[in-house]
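Okay, structure first, notes after.
The values are calculated or read from the model by the stated rules, or taken from the named source; none is laboratory data. If you're wondering where the values come from, they're calculated on a predicted model, not measured in any experiment. FYI the Cβ positions are ideal-geometry reconstructions off the backbone, even for glycines, and counts take in every protein chain you see.
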Amino acid sequence: MATTAKAAGRGPLGRAAGQIYAHIVGWGMAVPDRVMTNDDLSAIVETSDEWIQSRTGIRERHIASDKESTATLGLRAAQNALDVADVQPTDIDLIICATSTAEHAFPATASLIQAWLGAGNAGAFDLSAACSGFVYAVQMAAQAIRSGSAQVALVIGAETMSRVIDWQDRGTCILFGDGAGAVVLRASEAPGGVLSAILRSDGGGGDLLGIPAFGSLDIDGVTAISNGHKFGKMHMNGAEVFKFATRVVGESIQQATQQAGIQVSDLKLIVPHQANARILQSVARSLKLNESMFMSNIDRYGNTSAASIPIALCEAVQAGRIQADDYIAFVGFGGGLSWAAMVLQWGQPQPASSSFINRQRRQFSYRLAALRTGLLRASRSLTGDRTDSRSEEKAPEPGSRARSERPPFQ
Ligand code: UT7
């Protein structure tokens, strides 16, 4: 069926001419320079490189410095994606940042990135669906494009998991890392792009994986609940989450391919959330697929939650593992519990190379945006509005992280 649809120059759903499709036209990633190996971790908790590698597939992860945050990593990934797409910030209609480690409850991390890019025509919001967040966000952006309410959307998955890890808990601290990935979606009349999406949730399993936040009753000492959960710190029942993941990943890939009108065997590559190499091995067995069908880079980044799929996507494109017209799938799963799978038909033959002038225009936009933020802050402080000037987020370069607890190795 897929071959016939391709030959006919139509998407697998056989949509009519004139229909709007949402294509990924740009991609970018950013990770902190600092690398933390399994041996580094064994100096903090009782663990070993052998245990971590054999139980998870992770060798090392990247950890944000004092000058990096969810928004600064997201900004760098977004800038890289805009370069590939050759899109100017003012052309963006919508920015969605999927994250569980937002800079604030509000303003949205997406709003900070919007200001730093100088994306003056964009709406911006954060999306909370844990490790499924990127797939949810791409679907929201694709819907906005298909409905005609947006032409260009920027979707970011960005996390600083190192700041919500309980560094005394060896069951979780060995798994996670920091990073960001981003994609630019653009409206097109060419069939393809996002073809289907399965978004699911089971809040009944919410206690298996979480981070108690500002509105929570689920914090020791604040309520009658006594479960050891700490404000702003992740807790996880790893074994139960593992079982849940192996069940829903295969199932949702099958549902998403069915919705797209193709077979699982038509997929060229599956870009999954990177949580544990053993989960992917188990899913590959259940779907009777070769393990190489699953993009995996967990060995170098660990689990970067909402950032893991766009980071893996970037590396897959860079490695030449995705070509024009290929059917690919994204699949995410995690806190909520939530899970999401999506099928896309890749439409971009080669990364578009930005012209020198367009790159310079983007750099100018970033500088102008920083200048504008600085001037706004200065004018508020001159007029005596000190509340605003204290609470406003700093520009990315010189930022510091006095409020956050440092990981113990810093
Ligand atoms: O992105 C969100 C989604 N999250 C996930 O998908 C995570 C899913 N879960 C997992 O990946 C795995 O459950 C873990 C990697 C978290 C744990 O692996 P496991 O094979 O399920 O180990 P376990 O929790 O059953 O523990 C086995 C043993 C225990 O010792 P005993 O009781 O058998 O003596 C643990 O205390 O391994 C011990 N252990 C460790 N030993 C060394 C647990 N963590 C560690 C550690 N180093 N870091």
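See the values below:
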item: Selection count where residues are of a type in the set (Gly, Ala, Ser), under 15 Å from Gln274 (Cβ atoms) and touching a strand residue (DSSP E or B) at 6+ places or on another chain (Cβ under 7 Å), scope the stretch 45-67; result: 0
item: Criterion violated by Ser162 - all others in (1) within 16 Å of the ligand (Cβ to nearest atom); (2) assigned to a loop (DSSP other than H, G, I, E, B); (3) polar (S, T, N, Q) satisfied; result: (2)
item: Selection within the stretch 271-294 - surrounded by 23 or more Cβ atoms within 10 Å (Cβ to Cβ) and either over 22 Å from the mean Cα position of the chain (by Cα) or over 25 Å from Gly171 (Cβ atoms) (or both); result: Val271
item: Hits in the stretch 96-134 (condition: part of a loop (DSSP other than H, G, I, E, B) and away from the ligand (no atom under 16 Å from the Cβ)); result: Ala102, Glu103, His104, Ala105, Phe106, Pro107, Ala108, Gly118, Ala119, Gly120, Asn121, Ala122
item: Failed condition for Ala319, given (1) at pLDDT 95 or above; (2) under 21 Å from the mean Cα position of the chain (by Cα); (3) buried (at least 17 other Cβ atoms within 10 Å of the Cβ); (4) more than 11 Å from the ligand (Cβ to nearest atom); result: (3)
item: Hey, Ala306 within 10 Å of the ligand (Cβ to nearest atom) and either within 14 Å of the chain's Cα centre (by Cα) or part of a strand (DSSP E or B) (or both) or not; result: yes
item: Index of the failed condition, Asp126 passing every other in (1) within 16 Å of Gly335 (Cβ to Cβ); (2) in contact with a helix residue (DSSP H, G or I) (Cβ under 8 Å, 6 or more places away or on another chain); (3) in contact (Cβ under 8 Å) with a residue 40 or more places away in the chain; result: (3)
item: Pairs with Cβ under 6 Å, 6+ apart, first in the stretch 229-247 and over 10 Å from Ala275 (Cβ atoms), second surrounded by fewer than 19 Cβ atoms within 10 Å (Cβ to Cβ) and of a type in the set (S, T, N, Q); result: Thr246/Ser282
item: Residue satisfying all of: in the stretch 29-54; of a type outside the set (S, T, N, Q) and under 23 Å from Gly181 (Cα atoms); surrounded by the most Cβ atoms within 10 Å (Cβ to Cβ) among these; result: Ala30
